[in-house]
Structures are given as C-alpha cells and as structure tokens.
Amino acid sequence: MEQEPNPKPPHRSLKIALVAGAVCLAVAGSLAWVARQQRPMATEGLVHNDITTTVFWVGEPADNSNAGIHNRSSTWVEDWEGEFGGVDDPKNRCDKLPCGFTPQENPYYFALPYNDLEQSCQAKASQTSVPWFNGPPAEGNSIIKNRWIKIQFAGKIAFAQWEDAGPLGEDDVNYVFGSAAPNYQPSGLDISPATAEYLNLDGRGQTSWEFVDEQEVPDGPWRKTITSSPPDCAR
C-alpha cells in the first residue's frame, strides 16, 4: 500500500507566530528601555533652599580648610587636574577662567555629597534612589556624573555640572535627592570659582539649587565647554 505523505506537524504556524511575537516583544522592550534613558528626569521635590555653599576647585591642595582632601583627583577621575587642563586657581583669574590655559572641561562645575559607585566600580544599592534611575547603566558608568543643576544666589542664576562628591561624604541620599538637611552642616554644596564669580558669591553664601535637564539649560558661559567624560571605572 502506498504510504501517505507525512502530515504537517501540528500547530507549526502557531509556533512560528509565538516566536515572532516574542522577538517583537524583545525589540519593543529594548526600544522602551532606550526611551526611558532619554526621557527628561524627574525633578519634583528636588529644590533645596538656604544651603550653605562654598568654593572648591580642580587642583586644590589638601589643607585644614578642606579636611585634608586634595582635588587633584575627583571621586570619579584620578587625574582630574590633567583632564581639566591645569589648576583652576581662584586667585589667578582671567575673565572668570583660570589664567594661562584653556579649560578642557566645563569650568562651571559643582560637588554634592553623593557618589553612585563603590570604590570597586560597582553601582551602589542607593543608585535606585536617584530620581532619573531607569535601570542599571553599563558596568562602571555613573548616572550622576555630568548632570546639571540650577543655582540661585542674591538674584542671580548660574548652571553647572556635577563633577565631584563633597564637600564631605558620598552617601547623603536623603539630602541630595530628598528634603533633609545636609549631614555635613558647614556646607551642603561646593561650586567652582567660575560659578562663584558669576553669582558674585565670595567664598561662602546661602544658595538655592535644583536639578535640571540639560535641555533646560539656557545659553551662557556654562555651555561653551560641556563635560561628557565618563568615570575612570568605565574606561
């Protein structure tokens, strides 16, 4: 007797449809993750008023005024002075910039007392407390380095990028991303010489600050050179 051809395996078309659907979902999920990374960060509740603000600078030597911590390095970059291009000396200025060289990174920078990376380069568990956290970044990358804030002092406004942790401490989540007062009472915000000069802040003052999206940063001297370098951990 002549054998009939083998019948088509049952539900083959259903299996193909399921596989295609899974691929589409995976692609859609990837696109959604990218979109989440690009969306504006949440800033609700992140306005900090009457914050004691002091001045620090790239290349600042260690002494009693800064708890013996030099600023040749930042919390993210070992050779911060080299990447900046020199010492950002507040006593040797030429039109709000250090004399003798052109900064290779934004001279409008600041420090807040938080770092989202461990010394081992692993992300801290507290990284999920950052309002714009949308999933872990690639290993060694920071989701806070180079972020912007708006600073107000005595009727003037300046914008600056986050390039170090300080003035003291790297885990003050409740202050930086919440409504608590800074753990370190003498100062809750460090700003660069250029930022201080623009605001007419002479060494120490009470400022207000808040996080802003880069797209909200207006034209000004802070946009002439924008820092985009990653931390050493990501290189």
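Being farther than 24 Å from Gly59 by Cα and of a type in the set (A, V, I, L, M, F, W, C) is the filter here; which residues of region 116-142 pass it?
Ala123, Ala125, Val130, Trp132, Phe133, Ala138
Considering only residues that are buried (at least 17 other Cβ atoms within 10 Å of the Cβ) and part of a loop (DSSP other than H, G, I, E, B), which ones fall in region 150-175?
Correct list: Gly166, Pro167, Leu168, Glu170, Asp172.
Report, by residue number, each residue of region 43-68 that is surrounded by fewer than 14 Cβ atoms within 10 Å (Cβ to Cβ) and either in contact with a helix residue (DSSP H, G or I) (Cβ under 8 Å, 6 or more places away or on another chain) or modelled with pLDDT under 95 (or both). Please lay out each step first, then the result.
Looking only at region 43-68, we keep the residues that are surrounded by fewer than 14 Cβ atoms within 10 Å (Cβ to Cβ), and these are 44-45, 47, 49-50, 61-65, 67-68.
Of everything in region 43-68, those that are surrounded by fewer than 14 Cβ atoms within 10 Å (Cβ to Cβ) and either in contact with a helix residue (DSSP H, G or I) (Cβ under 8 Å, 6 or more places away or on another chain) or modelled with pLDDT under 95 (or both) turn out to be Glu44, Gly45, Val47, Pro61, Ala62, Asp63, Asn64, Ser65, Ala67, Gly68.
Can you tell me which residue within region 176-235, out of those that are among the charged types (D, E, K, R) and outside any loop (DSSP other than H, G, I, E, B), is nearest to the chain's Cα centre (by Cα)? Give the steps one after another, and end with the answer.
We begin by selecting, within region 176-235, every residue among the charged types (D, E, K, R); these are 190, 197, 202, 204, 210, 213-214, 216, 219, 223-224, 232, 235.
Keeping just the survivors that are outside any loop (DSSP other than H, G, I, E, B) gives 190, 197, 204, 210, 214, 216, 223, 232.
Details: Asp190: 14, Glu197: 22, Arg204: 23, Glu210: 13, Glu214: 11, Glu216: 15, Arg223: 16, Asp232: 14 Å.
Per the criteria, the residue is Glu214.
Please indicate, with yes or no, whether at least one residue in region 60-71 is closer than 21 Å to Pro231 by Cβ, assigned to a strand (DSSP E or B) and touching a Pro at 6+ places or on another chain (Cβ under 9 Å).
no
List the pairs whose first member sits in region 140-168 and is more than 17 Å from Pro107 (Cα to Cα) and not assigned by TED's automatic domain parsing to the domain that holds Gln185, whose second member is crowded, with 22+ Cβ neighbours inside 10 Å and not hydrophobic (A, V, I, L, M, F, W, C), and whose Cβ atoms are under 6 Å apart, counting only residues at least 6 apart or on separate chains?
Qualifying pairs under 6 Å: none.
Right, Pro230: surrounded by 20 or more Cβ atoms within 10 Å (Cβ to Cβ) and in the same structural domain as Ile51 (by TED's automatic domain parsing) or not? Don't jump to the end; show me each part of the working.
On the way: surrounded by 20 or more Cβ atoms within 10 Å (Cβ to Cβ): no; in the same structural domain as Ile51 (by TED's automatic domain parsing): yes.
No.
The values are calculated or read from the model by the stated rules, or taken from the named source; none is laboratory data. Keep in mind it's a predicted model, so treat the numbers as computed, not measured. Reconstructed Cβ throughout: ideal geometry from the backbone, glycine too, with neighbour counts over all protein chains shown.
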